[in-house]
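First up is the structure itself, then whatever we jot down about it.
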Amino acid sequence: MDNAMLCLWPDQEPRFGTNIQHYVDFKKAFSLQTFAEAARIVSDKLHGFLEDDGIQGVSLEPPLALLSAARELMAEPEGAGFNAERFSDILDLYLRTTVKVHSRGYMARQFSSVVPVSAVFDMITAMAPQPASYYEAGQLANVVDRVMADEFGRLIGWKDGSFAMVSTSGASLATMTAVLAARNSLLDGSWEDGVSAEGRGRGRPAVAVGEDAHFSALRVAGILGIGQKQIVRLPLNARRQIDPEGARAALDAAAARGLDVFCVIGTAGSTSVGAIDPLVALAELAHARDAWFHVDAAHNGAFLVSDRLRARVEGLALADSFCLDAHKTLFVPGLCTLLFYRDASVADIAFPHKASYVFDPEDDEMSRFQSGTKNFECTKRPSILNLWLVWALFGRRMFEQKLDYLVDLTCAAHDLIADQPDFDVMHQPESNILCFVHKPPWVPADRLGHLQLELRDRIRAEGRYFLSKVELDGSTVLRMVLMNQRITQADIAELLKAIRRHADDIRDGRPVVRGSHAVKAPPMEDALRTGTLDEAW
Ligand SMILES: Cc1ncc(COP(=O)(O)O)c(C=O)c1O
């Protein structure tokens, strides 16, 4: 059958003997020469990208212009084969529009500049795939789940063999999986019959989350048949952590309304300010009511790797389940999420269904290692391997040092900003997230939030720095997330100067600077300049 293909034509018998030489295009697409040339171009481009020490945030292009640029790159190629020039243009377009996560100007989001070898390794796992849900397809990936589980188990303080970990794609999916496990184990028959209003005979099934919980935790209630009306919101204290006393009162009030909270979800590292809920107190509160305690530790579960920061998340050891995102604070490519169960025996409970084409009737040594019974995905990227690779090459201390540095830097940023008379910090940082406002004297107090939004827009449009914003108690504030070890205190000082410059531009009605091009000022700034600010804002 060398050089031959089996073809099925409608209404015809299979024909043998079609010569593969005919298929010039796909042969070239799959050729080793194409691979070698593409890999060289990628390596050169990325080298230049990473080497660039300029201060950059993101270059925002108008979507319609980008759409036509992307379409133009799809013009019929001239002649078959790999077009290095077009490939190069595609890479350039990608790199131009990507967030410059490795730059000192990037301070906006929780995704990270990755350890470069972990990105290189992505090429291996894409080219020689180990789809990681089933042992026969992803041998090393499934075994490495166990290796990483053991590393973290020691850091958490859990006994060998007593707990389980499964890697999955994102904290949103991990939290859904954990609450599904809670639902299946506490609400009898819910997997087979659906969630009944009687639940476990104590009231209508409900889940409780903090006021600052990530939106994925709220979606879970909709996805799992609990319903948005059965979400009990737990109040926060002044540090924006769930307040245990307030939580107790909220749970009592919910019970009095006929709700049975079977799962309490805490957060270690809230998206808005990086607050870590009082996990020990919440675990006690949940368990005293026979509820499952899950912690969304997407952002700060990684504190486990640091001898200095671990105590901040010590309550994770008491959680029934928790997840952490290695693609956030362990600096590997996404998505790489670790979902832990304190009790190994409940790890298979979220997905009891077993399909015959991937599962054998009897468990054996191999199937006991495979993650398919514990995670939602069928084909799953083996991204746990990136984490393992970096851990194997550089050790836990590398992660620890980078995290310690980022948290120290955020504290230094806090102190610097708190010292400025024209800035306010919103909280003492517990993590590498800091919220603050710029309050130049000319801005009326009730317009401060609008100014922050306008500042975020202008700063992002200029493309030098990239900050985010968030609403706290109804007011918009600026938010910095320090994910990049290249950022120094001097960069924070420069950022403050840039913020003041943008505020002056707003005050004086100067146009928005977009990249290197100035564009017309929107009416809001005109209004500010001419004193008709109130109507415009
Ligand atoms: C606290 C928290 N939970 C969940 C998520 C969602 O994580 P993922 O994007 O991995 O699904 C985020 C992400 O931004 C987060 O900050």
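Read phi for every residue in region 111-117 and hand back ³J(HN,Hα) as whole Hz from Karplus 6.51 cos²θ - 1.76 cosθ + 1.60, θ = phi - 60°, with x for Gly and Pro.
7, 10, 6, 8, 5, x, 5
In whole percent, and with a 1.4 Å probe on the protein chains, what portion of the accessible area of the chain is carbon and sulfur?
55 percent
Let me check against my output: what whole-number percent is the relative contact order of the chain, with C-alpha pairs under 8 Å and at least 6 apart?
17 percent
Whole number in Å², please: accessible area per residue of the chain, 1.4 Å probe, ligands, DNA and RNA not counted.
Result: 48 Å² of accessible area for each residue.
Between rounded, prolate and oblate, where does region 302-359 land on the alpha carbon gyration tensor, with a ≥ b ≥ c its root eigenvalues, rounded for a/c under 1.5, else prolate if a/b exceeds b/c?
Oblate.
Hey, can you grab everything whose amide H is under 5 Å from the amide H of D260? Only 5+ residues off in sequence or another chain; H modelled, so Pro and N-termini drop out.
R204, A206
Please list the non-local residues whose amide H lies under 5 Å from the amide H of G463, H modeled 1.01 Å from N, same-chain partners needing a gap of 5 or more.
Counting only residues 5 or more places away or on other chains, the set is V58, G515.
Return the equivalent ellipsoid semi-axes of the chain as a descending list in whole Å, where each equals the square root of 5 times an eigenvalue of the C-alpha gyration tensor.
Value: 40, 37, 22 Å, ordered largest first.
Provide, for q = 0.11, 0.16, 0.17 Å⁻¹, the log10 of I(q)/I(0) from a solvent-free Debye sum over equal Cα point scatterers in region 338-417.
Debye curve over Cα of region 338-417, log10 I(q)/I(0) at q = 0.11, 0.16, 0.17 Å⁻¹: -0.53, -0.82, -0.87.
With charges set only on the Cβ (+1 for Lys and Arg, -1 for Asp and Glu), what does the dipole of the chain come to about its Cα centre, in debye to the nearest 20?
With Lys and Arg at +1 and Asp and Glu at -1, about 800 debye.
Write down the percent of antiparallel bridges among all DSSP beta bridges whose residues are both part of the chain, to the nearest 5.
Taking every DSSP beta bridge within the chain, about 60 percent pair in antiparallel fashion.
List the residues whose amide H sits under 5 Å from the amide H of G266, counting only those 5 or more places along or on another chain, with H placed 1.01 Å from N in the peptide plane.
Amide H neighbours of G266, under 5 Å, 5+ apart: H294, V295, D296.
May I ask you to order 473-479, 102-108, 442-448 by the average number of other C-beta atoms within 10 Å around their residues, highest value first?
Packing proxy ranking, top to bottom: 102-108, 473-479, 442-448.
Work from the charge dipole of the chain (Cβ charges, +1 for Lys and Arg, -1 for Asp and Glu, about the Cα centre) and give the residue of L393, A137, F466 farthest towards its positive end.
Projecting each Cα onto the dipole axis, the largest value belongs to F466.
Can you compute 3J(HN,Hα) from phi for each residue in region 440-455, using the Karplus curve 6.51 cos²θ - 1.76 cosθ + 1.60 with θ = phi - 60°, rounded to whole Hz and x for Gly and Pro?
Computed from phi, the couplings for region 440-455 are x, x, 7, 8, x, 4, 7, 10, 4, x, 5, 4, 4, 5, 5, 5 Hz.
Roughly speaking, what % of Cα-Cα pairs in region 72-189 are separated by over 20 Å, rounded to a whole number?
70 percent
Have a look at H450, L318, A268 and report the one farthest towards the positive end of the charge dipole of the chain, computed about the Cα centre with Cβ charges (Lys/Arg +1, Asp/Glu -1).
H450
Which order do peptides 193-202, 334-343 fall in by mean Cβ count within 10 Å, highest first?
Ranked from most to least packed, the peptides come out as 334-343, 193-202.
Residue by residue, what Karplus-based ³J(HN,Hα) values in Hz, rounded to whole numbers, does region 366-383 have, using 6.51, -1.76 and 1.60 with θ = phi - 60° and x for Gly and Pro?
6, 5, 5, 8, 7, 8, x, 7, 10, 10, 5, 6, 9, 7, 10, 4, x, 6
Can you tell me, using C-alpha contacts under 8 Å and at least 6 residues apart, the relative contact order of region 253-389 as a whole percent?
17 percent
Answer rounded, prolate or oblate for region 170-288, using the Cα gyration tensor with square roots of eigenvalues a ≥ b ≥ c: rounded when a/c is under 1.5, else prolate when a/b is larger than b/c, else oblate.
oblate
Along the charge dipole of the chain, which of H287, A350, P441 sits closest to the positive end, that is, farthest toward it, with unit charges on the beta carbon of Lys, Arg, Asp and Glu (+1, +1, -1, -1)?
Selected residue: P441.
The values are calculated or read from the model by the stated rules, or taken from the named source; none is laboratory data. Treat the numbers as computed from the prediction; the structure is a model and nothing was measured. Because the Cβ atoms are built from the backbone with ideal geometry, glycine has one as well, and the counts that use them run over all protein chains shown. Surface accessibility is based on the protein's heavy atoms, side chains included, excluding ligands, DNA and RNA. Shrake-Rupley method; radii C 1.70, N 1.55, O 1.52, S 1.80 Å.
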